[in-house]
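The structure under discussion is supplied below as structure tokens; questions concerning it will follow.
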Amino acid sequence: MKTLKRLVALLFVLCMALPAWAQSGPRALILYDAPPGQTFTKLGFAYAIMLRNLLGHFDSQVDMVPVQNYTAGQVNNYAATFYLGSYYDNQVPAAFMSDVTTTTKTVVWFKYNLWQMAWDSQYNFQSRFGFAFSGLRGFNAVPSTSNQTPGFFNTITYKSLPFVKYYDYNGGAVAADPDVGIVSVTDTTKASTLVPVSNPTTGETAPYVVRSGNFWYVADLPFSYIGPRDRYLVLCDLLYDMLGVTTWETPKAMVRLEDVGAMVTVSSMKTLSNYLYQRRIPFSIATIPQYEDPLGVYNGGIPQSVPMSQASNLKTALNYALARGGEIVMHGYTHQYTDTLHNNLYTRNKYTGVSGDDYEFWNIVTNTPVAEDSLAWALGRYNAGLQELASAGYTPTAWETPHYHGSALASKAAAQTFAKTYQRVVYFTSDTPNFNAAVEKDFAVGQIFPYPIKTDYYGQRVLPESLGNIEYDISAIDPTSNYNYTWQTIVTNAQYVKTVRGGYASFFFHPFWLEPDLGVPGLADFKSLIQGVNSLGFTWTVPSRIN
């Protein structure tokens, strides 16, 4: 069993490239810090990719440029320019700062290095923009074993909800991004605080998002430690205003039955399908076309392979669900990995080697691409899975990467094969990443989307899964399923995603939670989750209905 994943009308094409989506939205420039020869040179690029993906929701044509390569007047070629100040005191070109003071186009500045303009008298910053920059604030005190939660400006209040920045202290290791730029509005005729941030420990409040005409300042970079209730969602919503977009979808909801393969229990699928059908809720089934248990982990030590032609339970369950409003999402080819470069070596990647348990398009054990990683290899697996489905008369409406974790080349291949993907995505600063380089090491960033992305960094059309899934602590049975994630938590997540214009309350559920030997209230909790999302006013949809 798997723990919580981290982090159509259009036909799929087996042998030809899909047509590119025309980009007709606002043209945008992303400037990012990339000081050469540093360990973290590429971190700014990783954040730029994340912002570029969000702009893909608006069908924007996006250029990403290291800030040191900025040329005078460049901002005037774009509807909006975003500067991601991720590297402390990285030198910002004078040409850019000068243009910020004169352009009529939108400029959004994030986090660091504003002081280079705000404290230089030649830019007349405070008089021009109506707010002052006073400095940075981080932790109230250094976290320690005696003071593990010293506090910081961590609570962003937006649309009456508290969006709390992530923080974790574990054995002396701190996971957090506490720094914020502190500004104050000095002329309310020129500037206003749109969103505040507070420090619950000290009781202080400061502006988190300030706007002065066409110039915006965001006090941190909302791409680190993101989650379903993070201030990242505030940015996702404010992008409508930053880009001047005035139309959006009504709130939608999606539900997906997950990891449905040859070993699925037909009764569980029938029960779930009946419930959703009775409530007139369309749904998806994340289907694994080919089942593999090469080590015989679940078959008494005897290797087992079940193609679609022999998967009678799977076909019975799918046919029943399809007749009741379900549709198929292809969820891997085998949803596990076999090293074909080394005599079909079967390995645990990372759990059992069994379909539904393991990673297929990423070596999670070594945290590297798999040995065969290439466009051709990924395309071969996609086409093999499609052929397995087609052999039984099935056509998927979207693709979902196993465990939401595939290589850059696998994602590029998915864009060439599938009209839509339905997932969270991991993005890399290189197609062949080196995470351990002493200089200019690569980064991987996982991204959740609260709304559809028309074209992402890899060319994929991404439909969102934004809320997570129900989990139970059954570690006595399965050591990998060792925590709880309740239906109430997911409904609360849905309340947060509804603050985003056009937001999607999208989640998934494993049918195996209905198995009586697990001793968990899977069906009751699933019903409560559906009812809770319903009560928030979302309209249910499925990939085939999303343009």
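The values are calculated or read from the model by the stated rules, or taken from the named source; none is laboratory data. Computed from a predicted model, the values in this text were never measured in an experiment. Positions of Cβ are generated from backbone atoms using ideal geometry, with glycine treated the same way; all protein chains shown enter the neighbour counts. Protein only, heavy atoms only, side chains kept; ligands, DNA and RNA dropped before computing areas. Shrake-Rupley method; radii C 1.70, N 1.55, O 1.52, S 1.80 Å.
So which of GLU388, GLU372 ends up being of a type in the set (Asp, Glu) and crowded, with 20+ Cβ neighbours inside 10 Å? Spell out the reasoning first.
Details: GLU372 fails: crowded, with 20+ Cβ neighbours inside 10 Å.
Testing whether each residue is of a type in the set (Asp, Glu) and crowded, with 20+ Cβ neighbours inside 10 Å leaves just GLU388.
Kindly evaluate ALA262 against the criterion of being among the small types (Gly, Ala, Ser), under 27 Å from ILE448 (Cβ atoms) and open to solvent by less than 50 Å² (accessible area, probe 1.4 Å). Spell out how you get there, then give the answer.
Working: among the small types (Gly, Ala, Ser): yes; under 27 Å from ILE448 (Cβ atoms): no; open to solvent by less than 50 Å² (accessible area, probe 1.4 Å): yes.
So ALA262 does not fit the description; no.
Next up: Only residues that are over 24 Å from ALA80 (Cβ atoms) and in contact with a helix residue (DSSP H, G or I) (Cβ under 9 Å, 6 or more places away or on another chain): list them for the range 176-216, please.
THR186
Take the conditions touching a helix residue (DSSP H, G or I) at 6+ places or on another chain (Cβ under 9 Å) and either more than 30 Å from ALA317 (Cβ to Cβ) or of a type in the set (D, E, K, R) (or both) and apply them to PRO396. Does it pass?
Judged against the criteria, PRO396 is not a match.
For the range 336-369, name all the residues that are open to solvent by less than 30 Å² (accessible area, probe 1.4 Å) and assigned to a strand (DSSP E or B).
Selection gives THR338, ASP339.
Another question, if that's okay. So which residues in the range 388-431 are of a type in the set (Gly, Ala, Ser) and within 24 Å of LEU51 (Cα to Cα)? First the steps, then the outcome.
From the range 388-431, those of a type in the set (Gly, Ala, Ser) are 390-393, 398, 406-408, 410-411, 413-415, 419, 430; that's our starting set.
Within the range 388-431, ALA398, GLY406, SER407, ALA408, ALA410, SER411, ALA413, ALA414, ALA415, ALA419, SER430 meet the criteria.
Next up: Applying the selection to the range 449-498, what residues are open to solvent by less than 10 Å² (accessible area, probe 1.4 Å), in a loop (DSSP other than H, G, I, E, B) and closer than 21 Å to THR541 by Cα?
PHE449, PRO450, TYR451, GLN460, PRO464, GLU465, SER466, LEU467, ILE470
Test PHE82 against the criterion of being assigned to a helix (DSSP H, G or I), among the aromatic types (Phe, Trp, Tyr) and modelled with pLDDT of 95 or more, and give yes or no.
no
Another question, then. What are the residues in the range 482-514 that are farther than 12 Å from VAL533 by Cα and either touching an Asp or Glu at 6+ places or on another chain (Cβ under 7 Å) or among the aliphatic types (A, V, I, L, M) (or both), if any? Can you show your working first?
Pass one, the range 482-514, residues farther than 12 Å from VAL533 by Cα: 482-486, 499-503, 508-514.
Answer for the range 482-514, where residues must be farther than 12 Å from VAL533 by Cα and either touching an Asp or Glu at 6+ places or on another chain (Cβ under 7 Å) or among the aliphatic types (A, V, I, L, M) (or both): ASN482, TYR483, ASN484, TYR485, THR499, VAL500, ARG501, GLY502, PHE508, PHE509, HIS510, LEU514.
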